[in-house]
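Quick notes on the structure that follows.
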Amino acid sequence: MAAPSGLIAHGLFEDLQARTDEDTAIRDGLRDIIQTWEKQNRSITYVLSRGHGTPIAKLSELLKSAEEPLGKAVETVGKLAEVASKAPYYKFNGMWSRQMQDLVFQILFWGWLGGYENGGGEVKSGRLMNIEEVGEYLKVPVNLKDEDKFHLAIEEYLHALISLVEELARLARNSVTMGEYERPVLINQFVKDVLAGFQILNLKNDSLRRRSDSLKYKVKDVEDIIYDLSLRDLLPKKE
Amino acid sequence: MSEYKQEQPISPYMAMFEEFRKELDEHHDRRERIVKASRDITAASKKIIFTLQRVRKLGVPLPPYVNKSNEEYWKTIETRFREIAPDVQNVNAYRYPQLTWGNQEFMEALSFQHYLETQTLISYEQAKSRVAALCGDGPTVPLTIEDYVLGIYDMIGELMRFSITAMALNGNLPAGEPRKAPAGEDSPMINGEETAAAPEEPRNVLTDMRHIEQELEFFHPGPGTPFEKDVNGKAKVMHQCIGKVELANYSLTVRGKERPKGWRPDLAERPKEEDTRAEVETF
């Protein structure tokens, strides 16, 4: 297929093909890692979802048992970061952003329940791990502004935080079922504080905006629970 | 009033969210600038292409009036590129997919002009250095392989319009100036067959379009990527464009001599393709 003299420079498309194939190879490598990661995320969900039926006294044990699957996922993130750093961060970031949001949510949930500072005994719930702490836990940098490297992005953290609020609204209900009336009060304050934070963000019309819009309904769900408890005089008395 | 405020304790996460707000605002501002610039670059490129469609000759420098009327549009592109170049550096290089709209249209204009002037396909490297030149001494806007390839696909559509207009007005398919055979290079292709390297017949637009198509058909974007989807869609359009030129050329060969000069090949005679006529008549 000899091109007519001069129309197309020799090797023009071969060169483009070679570069495109390099990207394809990176993408294939990433896809394998992400698949493993997805399974590991599911194992974490499997353990932590038992939090909805575990009384606080037994929570410490549950949180300990979540550490192993969490550790595995963190290991996978390390592998991914290594492969991903061969390309500009935002070139392939869309491939794993979802899994990242998922994992960060699980870490936040685990951390909120008391897993992050779990010294055995009765756990202390209600602590929000900030983005730096999550980054440290994942062993990746957070919110890089100049350096083009693998990192945890603000948007991913915020998505995870919205998931946490949704999960806690559910937990508030289930806590009542378990006869734990203090936890809904804790959750009520927490989700309000988070909502207040989201309200100062100028979000554009994207998925983060749509999800954050639903936060107020979750806050209301928890308020309704508090209302029900107060009506029946079930709220713990303030000392 | 102040008492009322104290009743609502400030969220302990406010400082964190304030930091997030700052970052997100910067991000949205960057995105807005890029979207706007991308639109301006698209509009300017379209205007450049429109002027270029008034050119009738191939492989020679553009007539002065074309350069003159396009000057302001190239200037717009230059200004916009320089404005957004700092926004798409380092970690932000691939962050704003909106950049590709303008880049593709720019590639279409650039490659079309390059083809008219030189009757050659601009290379990816040439296109990148052109963007770098427009950006001046400052940072450079990245031009991706996707931008380049998709722009070339669209350029074929411009070659179709260019050919059909030329055929309608001049009664022949545009071809380059006769040139001396280059020493020892590939032999030219005529009617798909290689000829002896004797005095070189000038290439015409249609054979060039076919060759670019051939090359593009061998190019495979990554499987399952949006790029692949775009390429598949554009490949279909490109094939139709070549078909339209072939049909016009056929009409010209079969009946052209019976018709007065200035007669437009009636493409609507071909059934199935209802849209053909409208598209051609816009020029």
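The table below lists the values:
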quantity	calculated
Qualifying position, being within 14 Å of another protein chain (Cβ to nearest Cβ), buried (at least 16 other Cβ atoms within 10 Å of the Cβ), over 30 Å from B:ASN170 (Cα atoms) and in contact (Cβ under 8 Å) with a residue 40 or more places away in the chain, among B:LEU99, B:LEU24	B:LEU99
Test: residue in region A:102-112 that is within 30 Å of A:ARG232 (Cβ to Cβ) and either in contact (Cβ under 8 Å) with a residue 40 or more places away in the chain or surrounded by 18 or more Cβ atoms within 10 Å (Cβ to Cβ) (or both)	yes
Subset tally (residues that are acidic (Asp, Glu) and in contact with a strand residue (DSSP E or B) (Cβ under 7 Å, 6 or more places away or on another chain)) for region A:108-147	1
Out of B:LYS57, B:LYS47, sole residue that is over 28 Å from A:SER85 (Cβ atoms), in a helix (DSSP H, G or I), charged (D, E, K, R) and not assigned by TED's automatic domain parsing to the domain that holds B:GLU215	B:LYS47
Test: B:SER111 is of a type outside the set (D, E, K, R), in contact (Cβ under 8 Å) with a residue 12 or more places away in the chain and within 14 Å of another protein chain (Cβ to nearest Cβ)	yes
Cross-chain or 6+ apart pairs with Cβ under 6 Å, region B:122-139 first and assigned to a helix (DSSP H, G or I), then polar (S, T, N, Q)	B:ALA132/B:THR140
Total residues in region A:119-134, condition within 13 Å of another protein chain (Cβ to nearest Cβ) and open to solvent by less than 40 Å² (accessible area, probe 1.4 Å)	6
Test: residue in region B:207-214 that is on the phi < 0 side of the Ramachandran plot, loosely packed, with under 13 Cβ neighbours inside 10 Å, under 21 Å from the mean Cα position of the chain (by Cα) and at pLDDT 65 or above	no
So A:GLU155, is it surrounded by fewer than 17 Cβ atoms within 10 Å (Cβ to Cβ), assigned to a helix (DSSP H, G or I) and at the interface with chain B (Cβ under 10 Å from one of its Cβ atoms)	no
Some residue of region A:181-199 being touching a residue at least 40 places away in the same chain (Cβ under 8 Å), of a type outside the set (Gly, Ala, Ser) and assigned to a loop (DSSP other than H, G, I, E, B)	yes
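The values are calculated or read from the model by the stated rules, or taken from the named source; none is laboratory data. No experiment lies behind these values; they were computed from the predicted model shown. All Cβ positions, glycine included, derive from the backbone under ideal geometry; neighbour counts span all protein chains shown. These area figures cover heavy atoms from the full protein model, side chains too; ligands, DNA and RNA do not enter into them. Shrake-Rupley method; radii C 1.70, N 1.55, O 1.52, S 1.80 Å.
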